[in-house]
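The values are calculated or read from the model by the stated rules, or taken from the named source; none is laboratory data. Predicted model only: the values in this text are computed from it and were never measured. Virtual Cβ from ideal backbone geometry, glycine too; neighbours counted across all protein chains shown.
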Amino acid sequence: MRPFLGSALIALTSFGCTHAVHLNHTSDFRTTKHLSEYRRIETRSEQVVILGIVGQTDYADDAYRRLMNQCEGGHVTGIQTRYSTSHNFLSWKNVVEMKGYCSQ
């Protein structure tokens, strides 16, 4: 029975990680000049969940706020939002990545 227990432990601890993209959204492009004249801005925010316990719940709002702060006094257009999850053993990480174009 000992070899079975050892192989079961190896199988249990060697689960591979999985990744899932839940949402990939692009907002409207409202431009008054050529897109090459805009400055590309981007940000990323994460939420780590261990055994279903969450510490930070406003990570998406933080990403949006940081994106807007990179274009103070300007106009942001074409915001691309990607929401994904990376799964590990008994934990996972939610990730929000935002990119956009800033016009000063």
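Please go through (1) under 30 Å from His87 (Cα atoms); (2) in a loop (DSSP other than H, G, I, E, B) for Ala63 and return the number of the only condition it doesn't satisfy.
(2)
Determine, yes or no, whether Thr31 is within 14 Å of the chain's Cα centre (by Cα) and either at pLDDT 85 or above or in a loop (DSSP other than H, G, I, E, B) (or both).
Judged against the criteria, Thr31 is not a match.
Please go through the stretch 30-77 and pick out each residue that is surrounded by 10 or more Cβ atoms within 10 Å (Cβ to Cβ) and in contact (Cβ under 8 Å) with a residue 60 or more places away in the chain. Spell out the reasoning first.
Applying the first criterion (surrounded by 10 or more Cβ atoms within 10 Å (Cβ to Cβ)) to the stretch 30-77 yields 30-31, 35, 37-50, 54, 56, 58-71, 74-77.
Selection gives Thr31, Leu35, Glu37, Tyr38, Arg39, Arg40, Ile41.
Tell me which residues, restricted to the stretch 11-28, are of a type outside the set (Phe, Trp, Tyr) and either at pLDDT below 80 or not in a strand (DSSP E or B) (or both).
Ala11, Leu12, Thr13, Ser14, Gly16, Cys17, Ser27, Asp28
More than 10 Å from the chain's Cα centre (by Cα) and part of a strand (DSSP E or B), is that true of Val76? Show your work before the answer.
Numbers: more than 10 Å from the chain's Cα centre (by Cα): yes; part of a strand (DSSP E or B): yes.
So Val76 passes the test.
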